[in-house]
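Below is one structure; the comments refer to it alone.
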Amino acid sequence: MPIEMPKGLPMSVDTWGSSSNRKRHHFLTHAHKDHTFGISSPHLSSPIYCTKITQNLLLHQFPRIDRSLFVGIEVGESLAVDDPDGGFAVTAFDANHCPGAVMFLFEGTFGSILHTGDCRLSPECLQNLPEKYLGKKGREPKCSLDFVFLDCTFGKSSVKLPSKYSATRQVISCIWKHPNASKVYLACDLLGQEDILVEVSKTFGSKIYIDKNIECYNNLKLLAPDILSEDPSSRFHLFDGFPRLYERASEKLAEAKANLQPQPLFVRPSAQWYACEETSDDDLQLRKRLNEAVQDSFGVWHVCYSTHSSREELEWALQLLQPKRVVSTTPTCRAMELSYVKNHCLKSQIASDDRLWKLLQIDVELESSSEAASTNSSEKVATDETAASPRMENLQLLSSLNQCSQRIYLQIIWSHS
Ligand SMILES: [Zn+2]
């Protein structure tokens, strides 16, 4: 689930709970369900900024949402947003994640903030960011982003994810190698996997059958209507990838056997099996092969197709951008686990005029009295009952912690803001 933006910012990104609804401006990076959770609430307030594709996908799913709540913003477009605390600019950039997905760059009195939403940070999509934020040939960028809210989904994984293009070619090649498979079941039911289906359809000159009951049917009808077939005798079928993939594959195998047909082919293009899932030791060896499809012990062929950045890509992006602070938008993965963050963001103490205080709505005027407290032990400060204001308490505690604990503490108060 995406995290709430700090209290001191006037906007929410991808969150739709009661505290987000109190924000004055709402931004939606893309239409995946975990980013739209709660958006159908009757208390939804406007405006909601997103791309036209995201809006259409969302309205397909929630037809009752009022169209007039949306403000369109497309890749490369900048908008000026009025706000009583000071206007700001927002620019959308391709996130290389799924159709309609964008990253938002916010620039205002709060500083410069890049919110990546979910993203696959390829060199191409980073090069589209304003030049002043990009370092060149090992040099620092002209301007440092104050904050990057970063999709760290695979921040802990060492898997070197192949590019989306390479993974798509692996799917095609796997199908070529099985000319006798009477049916090809493609577990590509996620928004963001349409390119694979389009390529398969184009390469083999065949449309793809999709059961209307499969949830992604409406999305595909909107995004790639030309490749859809209503004829179940088609060789290519879209297969629900989750849950019960193996159970349903067993049923199809039994069906083919009963009809004396050759064994069908199952292809699952997903990074989950490579990065997260527990499998047998045999499969563990197979998962190290990333340049071609590999067959697991059940018989399903896997291709490492990812719409999220690898750890290597995240490190590379941060080296290029050199932001002052990084916040993971995926709560199970902490940005502080990334080498860039360890080496660059954890080393300095937080100055009293740092923008961070404003974002967290901690009153910096109380800083002078907290400085005296900073010489006390953290235990004493943390239990100091004379600290009347919660803000004061936060600042005192923060001043007394060492740098690493400071970062962890910030993460905690941030996520609860
Ligand atoms: Zn997503």
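So, in the range 37-65, how many residues would count as being of a type in the set (Ser, Thr, Tyr), modelled with pLDDT of 95 or more and either over 19 Å from Gly108 (Cβ atoms) or within 13 Å of the ligand (Cβ to nearest atom) (or both)? Write out each step before concluding.
Just the residues of the range 37-65 that are of a type in the set (Ser, Thr, Tyr), to begin with: 40-41, 45-46, 49, 51, 54.
Checking which are modelled with pLDDT of 95 or more leaves us with 49, 51, 54.
Cutting the leftovers down to either over 19 Å from Gly108 (Cβ atoms) or within 13 Å of the ligand (Cβ to nearest atom) (or both) gives us 51, 54.
Residues meeting the conditions: 2.
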| remark: Checked Lys160, Lys221, Lys156 against criteria (more than 16 Å from the ligand (Cβ to nearest atom), out of contact with any helix residue (DSSP H, G or I) (no Cβ under 8 Å at 6 or more places or on another chain) and either touching a residue at least 12 places away in the same chain (Cβ under 8 Å) or not assigned by TED's automatic domain parsing to the domain that holds Met103 (or both)); the one match is Lys221
| said: What's the number of the only condition in (1) loosely packed, with under 15 Cβ neighbours inside 10 Å; (2) closer than 30 Å to Cys152 by Cβ; (3) away from the ligand (no atom under 16 Å from the Cβ) that Glu215 fails to meet? | reply: (3)
| remark: Going through the range 1-35 in order, the residues found to be crowded, with 20+ Cβ neighbours inside 10 Å and of a type in the set (S, T, N, Q) are Ser12, Thr15, Ser20, Thr29
| Odd one out for Met103 among (1) away from the ligand (no atom under 16 Å from the Cβ); (2) in contact with a strand residue (DSSP E or B) (Cβ under 7 Å, 6 or more places away or on another chain); (3) of a type in the set (A, V, I, L, M) | (1)
| said: Being touching a residue at least 24 places away in the same chain (Cβ under 8 Å) and more than 16 Å from the ligand (Cβ to nearest atom) is the filter here; which residues of the range 18-32 pass it? | reply: Ser18, Asn21, Arg24, His25
| query | Of all residues in the range 193-210 being in contact with a Ser or Thr (Cβ under 9 Å, 6 or more places away or on another chain) and assigned to a loop (DSSP other than H, G, I, E, B), which is surrounded by the fewest Cβ atoms within 10 Å (Cβ to Cβ)? | reply | Ser206
| task | Specify which of the listed residues (Val326, Val294) is farther than 29 Å from Phe266 by Cβ and at pLDDT 75 or above. | result | Val326
| task | Enumerate the pairs (first residue in the range 98-119 and under 13 Å from Phe27 (Cβ atoms); second residue anywhere and acidic (Asp, Glu) and within 16 Å of the ligand (Cβ to nearest atom)) with beta-carbon separation below 7 Å, excluding pairs fewer than 6 apart on the same chain, so at least 6 apart or on different chains. | result | Ala101/Asp118; Val102/Asp94; Thr116/Asp151; Gly117/Asp14; Gly117/Asp151
| said: Can you tell me how many residues within the range 107-116 are under 18 Å from the mean Cα position of the chain (by Cα) and either at positive phi or within 15 Å of the ligand (Cβ to nearest atom) (or both)? | reply: 2
| message | I need a count of the residues in the range 325-339 that are over 23 Å from Gly111 (Cβ atoms) and buried (at least 18 other Cβ atoms within 10 Å of the Cβ). | response | 1
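Assess whether Cys119 counts as being modelled with pLDDT of 95 or more, within 13 Å of the ligand (Cβ to nearest atom), under 21 Å from the mean Cα position of the chain (by Cα) and more than 19 Å from Val327 (Cα to Cα).
Details: modelled with pLDDT of 95 or more: yes; within 13 Å of the ligand (Cβ to nearest atom): yes; under 21 Å from the mean Cα position of the chain (by Cα): yes; more than 19 Å from Val327 (Cα to Cα): no.
When the stated conditions are applied, Cys119 does not pass them.
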| request: Please identify the pairs in which a residue from the range 195-209 that is in contact (Cβ under 8 Å) with a residue 40 or more places away in the chain has its Cβ atom under 9 Å from the Cβ atom of a residue that is surrounded by 15 or more Cβ atoms within 10 Å (Cβ to Cβ) and in a helix (DSSP H, G or I), counting only partners at least 6 apart or on another chain. | output: Ile196/Lys164; Ile196/Ala167; Ile196/Thr168; Ile196/Val171; Ile196/Ile172; Leu197/Leu220; Leu197/Ile227
| Based on what the data block shows, is Gln193 modelled with pLDDT of 95 or more, within 16 Å of the ligand (Cβ to nearest atom) and more than 28 Å from Leu9 (Cβ to Cβ)? | yes
| Asp189 vs. criteria in contact (Cβ under 8 Å) with a residue 12 or more places away in the chain and surrounded by fewer than 21 Cβ atoms within 10 Å (Cβ to Cβ) | yes
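Before we move on, is Thr15 within 13 Å of the ligand (Cβ to nearest atom) and of a type outside the set (D, E, K, R)? If you could, list the steps in order and put the result at the bottom.
Numbers: within 13 Å of the ligand (Cβ to nearest atom): no; of a type outside the set (D, E, K, R): yes.
No: the conditions fail for Thr15.
The values are calculated or read from the model by the stated rules, or taken from the named source; none is laboratory data. Given the structure is predicted, the values throughout are model-derived calculations rather than measurements. Note: ideal-geometry Cβ built from the backbone for every residue, glycine included; neighbour counts use all protein chains shown.
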